[in-house]
1. Please give the length that would be gained between residue 150 and residue 93 if that part of the chain were fully extended, namely 0.36 nm times their separation in residues minus their C-alpha to C-alpha distance (nm, one decimal).
2. Taking neighbour counts of Cβ atoms within 10 Å as a proxy for exposure, in what order, fewest first, do 167, 128, 89 appear?
3. Could you line up 163, 136 from fewest to most neighbouring Cβ atoms inside 10 Å?
4. Would you calculate a helix-derived [θ] at 222 nm for the chain, using -39,500 (n - 2.57) for each DSSP H run of n ≥ 4 and dividing by the full residue count, to the nearest 500?
5. Based on the Kirkwood radius over alpha-carbon pairs, what is the Stokes-Einstein translational diffusion coefficient of the chain at 20 °C with 1.002 mPa s viscosity, in µm²/s?
6. Give the residues of segment 31-68 whose amide nitrogen is closer than 16 Å to a point set 7 Å from the Cα of residue 82 in the direction of its Cβ.
7. Can you classify segment 2-78 as rounded, prolate or oblate using the Cα gyration tensor, where a ≥ b ≥ c are the square roots of its eigenvalues, rounded means a/c under 1.5, and otherwise it's prolate if a/b beats b/c and oblate if not?
8. Work out, step by step, the length gained on full extension between residue 75 and residue 143: first 0.36 nm times the residue separation, then minus their alpha carbon distance; give nm to one decimal.
């Protein structure tokens, strides 16, 4: 692998990916809420969807989608608007979601499926910025660009294993502290507010 990246560069990529995936953002806030509301097992499809969906996005951006945005910036602007509106909708869904304390209510609200979580990456402004930034900074060779793109995506996948599970399990642990439905409701409303707050920087970017 040293012919594509030096150890120092790999360390830099790993540091960058971990710092971007571990910080609060739409994916992590939603995973935290899902872990609390639905438990770890029911959140697993959501976890895998984020991990593989984002790694796939990185590959596609690396294969040329980023160039499309550079040539036609209005496409990115449209996706950004759609993504922000969708995130507002998700904030509403989180704020009104029910906990399993009420079985009848919990059957009406379901965690993300694998494909929903994977598709969500395409309307997540933070995901787009992370993918485009990583590719633009760390693809350093035209001759080895394809291999480098896959290396970056693979490192993001490994980093995603850590971040998605950490945030989802964080929600599960919170459930041990938050023991009644009213407290879960207040927590989810707080998460919805934080989700909206996480969108604000992208609105003015």
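Rule-based calculations on the coordinates, nothing more; no lab input. Please read all numbers here as calculations on a predicted model, not as lab measurements. So basically every Cβ, Gly included, is an ideal-geometry build from the backbone, and we count neighbours across all protein chains shown.
1. 17.1 nm
2. By the 10 Å Cβ count, ascending: 89, 128, 167.
3. Starting with the residue having the fewest Cβ neighbours, the order is 136, 163.
4. On the way: 10 runs with 160 residues, N = 205.
Dividing the helical sum by the residues of the chain leaves -26000 deg cm²/dmol.
5. Reported coefficient: 121 µm²/s.
6. Within reach of a label on residue 82, which here means backbone N under 16 Å from a point 7 Å along Cα→Cβ, segment 31-68 contributes 57, 61, 65-66, 68.
7. Since a/c reaches 1.5 but b/c is at least a/b, the shape of segment 2-78 is classed as oblate.
8. The span from residue 75 to residue 143 would gain 21.6 nm if fully extended.
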